[in-house]
Amino acid sequence: MFSIGFHEFGHFFWARKFGMRVPQFFVGFGPTVFSRRYGETEFGIKGIPLGGYIRIVGMIPPAEEGESTRATRMRSFIAEVRGAALDDVLPTDGDRVFYKKPWWQRVVVMFAGPFHNLVLAVLFFTIVLTAFGIPQATTAISAVPECVLPATSQERTCAEDAPPSPAAAAGIRAGDTIVAIDGRPVSPVPDAGQDDEDTGWGQVQSVIRESIGTPVALTVEREVDGATRRVDLTVTPIANEIRVDSDGDGEADGTETVGYVGVQAAQTYVQQPVSAVPGFIGDYTVRAVDRLAEIPQRVPALFGAAFLGEERDPQGPIGVVGVGRISGEVFSIDRFTSTEKISLFFQLLAGMNLVLFLFNLLPIYPLDGGHIAGALYEKARATVARLRGRPDPGPFDIARLMPVAYVVAGLFLVLSALLLVADVVNPITLAG
């Protein structure tokens, strides 16, 4: 709700800054739960928390001179929408209406809402990276499986005839910390500025994966009778299949044969410098854009999960209810420390605001990006007319896009309803 309100405040602030009249500022849709008027604006909350809006007078300009008056169903619909919008315009409004403002002011007003979501995303990501850090594998061993299970195996327990893991056979124990491999020192966590495979757990993984059938010397630190001692061990990796992301889309969709010893690294949160924030957000943005582009093709699976009892795709889209459910689940799972819970919560907020920023900038009316595209087109059209020595054609008549807007809005409402049902009857959970 705060993200929605902050988004709308971005529109509201700059609209008022440029002298536009804003009669309404509401968070939510549907029936009004609460409202109060301050000055010329009515502020309030609606019953369905799936968005929000501010109403700026004059969003749709009057009909252009010379426009055909021949009656058709489409023209009648556009005229009806235009008339409803112009009913808000008072004789005293003058130049305070939206369509009379310079194109760049309209762009600023419409961009300000998504920009506020971007500000929140950057703020929350900065808090996550610099205050809490990001989880990174350490050279401390948290678990040593007793046997070897291929990545393609559906079993998760060791059978009696299952071969023992090389780590268990070599005497590696949970709680050990690897400090050297093949005589080369290993830092507990990755050193900044070095490639992952050259430092920390990445260095250990790199050597083991490339050493199928070749003995590897390990030096570990181990607590023995209250004292820390160094123990030299030798382990021989065996060939094993692991799941890999073959096409770089963030999902494991293939397998690869590598050296395997059977140890699970412990994780710790490593604080990052502020300079790491832009790169982190850039990578996250690329993944978010890919996820947005995949939404249409995931709708059939979402419908199946909502109404046909099919398994919910854990990588699929979620709605407001789903975000709230996962947020609550984060704080209820005992295996997460307090730091992890707060960090995950801020990551959810950051990711949600970044997606809102990207989604609202889609150049589709009635989204903010559609209004921005209309203003930019108007400017380009006026520039071309001026270069050709022709008069300014005037405001772009966005009312002509209203049929498209209703279709787009209808699709968004259907998707929102589908997400709502799926999040209630077949939710995505952290437990999988």
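Nothing in this text is a laboratory measurement; each read-out follows from the coordinates by a stated rule. Values in this document were obtained by computation on a predicted structure and should not be read as measured data. Cβ placement follows ideal geometry from the backbone for every residue including glycine, while neighbour counts extend to all protein chains displayed.
Convert each backbone phi in segment 370-386 into a coupling constant with the Karplus relation 6.51 cos²θ - 1.76 cosθ + 1.60 (shift: θ = phi - 60°), then list the ³J(HN,Hα) values in order as whole Hz, x for Gly and Pro.
Karplus-based 3J(HN,Hα) across segment 370-386 equals x, 5, 5, 4, x, 5, 5, 5, 4, 5, 4, 5, 5, 5, 4, 4, 5 Hz.
Can you tell me the dipole magnitude for the chain around its Cα centre, using point charges on the Cβ only (Lys, Arg +1; Asp, Glu -1), in Debye to the nearest 20?
With only Lys, Arg, Asp and Glu charged at Cβ, the dipole is about 2640 debye.
Once amide H atoms are built 1.01 Å from N in the peptide plane, which residues 5 or more positions from residue 147, or in another chain, come under 5 Å H to H?
Amide H neighbours of residue 147: 165.
Counting only residues 5 or more places away or on other chains, whose amide H sits under 5 Å from the amide H of residue 133 once H atoms are built in the peptide plane?
Under 5 Å from the amide H of residue 133 lie the amide H atoms of 272, each far enough along the sequence or on another chain.
Once phi is turned into θ = phi - 60°, what whole-Hz ³J(HN,Hα) does the Karplus curve with 6.51, -1.76 and 1.60 give for every residue of segment 98-109, x standing for Gly and Pro?
Result, ordered by residue: 4, 5, 8, 7, x, 4, 5, 5, 5, 5, 4, 4 Hz.
Would you mind putting 174-186, 333-345 in packing order, based on average other-beta-carbon counts within 10 Å, highest first?
174-186, 333-345
Rounded to two decimals, what ratio of Rg to Rh does segment 379-432 give with C-alpha atoms and a Kirkwood Rh?
Radius of gyration over Kirkwood radius for segment 379-432 works out to 1.44.
Going by average Cβ density within 10 Å per residue, which order do the peptides 350-359, 261-270 take, highest to lowest?
The densest-packed peptide leads the list: 350-359, 261-270.
What residue among 232, 290, 313 shows peak mean-square fluctuation when the chain is described by a Gaussian network model with Cα springs under 10 Å?
Highest fluctuation among the options: 232.
Quick one: compute the contact order of the chain, relative version, from alpha carbon pairs under 8 angstrom and 6+ residues apart, as a percent. Don't skip to the answer; put the middle values down first.
On the way: 708 pairs, mean separation 73.5, N = 432.
After rounding, I find 17 percent.
Output wanted: per-residue J couplings in Hz (rounded whole) for segment 270-286, from phi through Karplus 6.51 cos²θ - 1.76 cosθ + 1.60, θ = phi - 60°, x for Gly and Pro.
10, 5, 10, x, 4, 5, 7, 5, x, x, 4, 5, x, 5, 5, 5, 4
Using Cα positions and a limit of under 25 Å, work out the lysines in reach of residue 17, with same-chain residues fewer than 8 apart set aside.
Qualifying lysines at Cα under 25 Å: 100, 101, 379.
Cα axis of helix 200-209 to longest principal axis of the chain: angle in degrees, 0 to 90, nearest 10?
Taking the Cα atoms of the chain, the angle to 200-209 is about 70 degrees.
Using modelled backbone amide H atoms (1.01 Å from N, in-plane), which distant-in-sequence or interchain residues come within less than 5 Å of residue 362's amide H?
Sorted by chain and number, the residues that satisfy this are 369.
Once P(r) over Cα pairs in 20 Å bins from 0, in percent is worked out from the coordinates, which option in [x] 26, 51, 21, 2; [y] 19, 43, 25, 12, 1; [z] 29, 61, 10, 0 does it equal?
Read-out taken from this structure: [y].
Which value in deg cm²/dmol, rounded to the nearest 500, describes the helix-derived mean residue ellipticity at 222 nm for the chain, given -39,500 (n - 2.57) per DSSP H run of n ≥ 4 and division by the residue count?
Here the helix-only value at 222 nm equals -14000 deg cm²/dmol.
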